[in-house]
Amino acid sequence: MEYTQLTSGILVRRYKRFLADVRLASGEEVVAHCPNTGSMRAVNVPGCRVWLSPSHNPARKLAWTWEWIELPMPGAEPALVSVHTGRANAWVEEALSAGCIAELAGYTTLKREAKVEGARLDFRLTEARQTTHVEVKQVTLREDDGHGYFPDSVSERGRRHLESLAARVALGERAVLLFCVAHTGIDTVAPAAHLDPGYAETLRRVAAQGVEVLAYGVSVTRNTAGVPCQAMLTRRLPVDLARQPPNV
């Protein structure tokens with residue numbers, strides 16, 4: 001995915017879920033659209049550098065969209081984290097089409113938003129003798145223990161998606177939960193039992209029933225001026241379903 005004309009600023013605050021005040025380098029303070037309905041735990045950090053994309057639609061009320069935030073990392077360069085949840089499926093589709101996800105290579109057709117009984121799953125991949133359903137979840141939560149976790153708050157919808165994947169396995173199909181890790185400082189993923197014990201319990205159960213769990217992380221390229229200009233899924237990451245979360 002290519003990013004053009006990103007502009008940097010400093011996050012002042014996020015509020016009303018969809019709005020963020022950002023101070024540009026010029027000193028001007030603008031209101032940007034925040035395309036993330038979640039809690040943004042450990043990602044909504046005022047004072048950090050953010051990157052905004054411009055809108056060229058004259059009918060749109062907000063001229064800017066919040067794309068990335070840079071978060072400090074102990075002893076390392078700041079991590080880039082995507083706050084735009086709408087990017088995850090696009091990254092996954094690009095990676096699938098390019099054959100970058102080895103476990104999901106070799107399909108002949110891809111259908112987005114595939115309807116199944118009681119739900120819609122993000123992708124249906126078909127090949128000669130197998131149908132594979134894939135549900136994508138974006139991971140941005142990195143706790144102080146250095147590990148990535150999902151979800152960042154209670155997610156009943158996410159738990160229902162797990163049940164839908166398990167139902168496909170029971171019908172003889174293949175089902176995959178794919179964690180799209182949109183945080184360059186996350187190298188492992190685990191269920192966030194400290195935030196949503198019900199989701200963690202369900203994830204472990206459906207994995208035992210045959211739902212496959214994968215994680216791929218985003219890599220970001222900057223141009224010569226240091227501006228993020230390209231992002232793609234390239235990093236195969238381990239998933240630790242048995243990991244005990246931090247006591248927070």
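General remarks:
- For segment 24-39, a residue qualifies if it is within 19 Å of V81 (Cβ to Cβ) and surrounded by 15 or more Cβ atoms within 10 Å (Cβ to Cβ), and the qualifying residues are A32, H33, C34, P35, N36, G38, S39.
- Selection from segment 50-62 of residues that are part of a strand (DSSP E or B) and surrounded by fewer than 17 Cβ atoms within 10 Å (Cβ to Cβ): P54
- When residues of segment 64-83 are limited to those that are among the small types (G, A, S) and over 14 Å from the mean Cα position of the chain (by Cα), the one modelled with the highest pLDDT: A79
- Failed item in (1) in contact with a Lys or Arg (Cβ under 6 Å, 6 or more places away or on another chain); (2) under 24 Å from D145 (Cβ atoms), with V12 passing the rest: (2)
- If you go through segment 30-52 and keep only what is closer than 24 Å to C229 by Cβ and more than 18 Å from the chain's Cα centre (by Cα), you end up with V30, A32, C48, R49.
- Lone qualifier among L110, L104 - being in contact (Cβ under 8 Å) with a residue 40 or more places away in the chain and more than 24 Å from S53 (Cβ to Cβ): L104
- So V92, is it at pLDDT 95 or above, open to solvent by less than 60 Å² (accessible area, probe 1.4 Å), closer than 21 Å to L214 by Cα and in a strand (DSSP E or B): no
- D122 vs. criteria outside any strand (DSSP E or B) and either within 30 Å of P228 (Cα to Cα) or open to solvent by 50 Å² or more (accessible area, probe 1.4 Å) (or both): no
- Scan of segment 1-23 for residues that are surrounded by 14 or more Cβ atoms within 10 Å (Cβ to Cβ) and among the charged types (D, E, K, R), ordered by number: R14, D21, R23
- Restricting attention to segment 213-234, the residues being open to solvent by 50 Å² or more (accessible area, probe 1.4 Å) and either closer than 24 Å to E143 by Cα or free of Cβ contacts under 8 Å to residues at least 12 places away in the same chain (or both) number 7.
- Count - residues of segment 103-119 that are more than 23 Å from R160 (Cβ to Cβ), in a loop (DSSP other than H, G, I, E, B) and open to solvent by 60 Å² or more (accessible area, probe 1.4 Å): 1
- For segment 235-244, the candidate set comprises residues that are open to solvent by 30 Å² or more (accessible area, probe 1.4 Å) and in a loop (DSSP other than H, G, I, E, B); within that set, the residue that is modelled with the lowest pLDDT is Q244.
- Qualifying residues in segment 63-81 (those that are in contact with a Ser or Thr (Cβ under 7 Å, 6 or more places away or on another chain) and open to solvent by less than 50 Å² (accessible area, probe 1.4 Å)) - the one farthest from I186 (Cα to Cα): T65
- V43 meets the conditions (1) more than 23 Å from T221 (Cα to Cα); (2) open to solvent by less than 30 Å² (accessible area, probe 1.4 Å); (3) aliphatic (A, V, I, L, M); (4) part of a loop (DSSP other than H, G, I, E, B) in every case but one. The failed one is (1).
The values are calculated or read from the model by the stated rules, or taken from the named source; none is laboratory data. Keep in mind that what you see is a predicted model, and the values were worked out from it rather than measured. Methodologically, a virtual Cβ is constructed for each residue, glycine included, from the backbone with ideal geometry; neighbour enumeration extends over all protein chains shown. Each accessible area value is taken on the protein alone, full model and side chains, heavy atoms only, with ligands, DNA and RNA left out. Shrake-Rupley method; radii C 1.70, N 1.55, O 1.52, S 1.80 Å.
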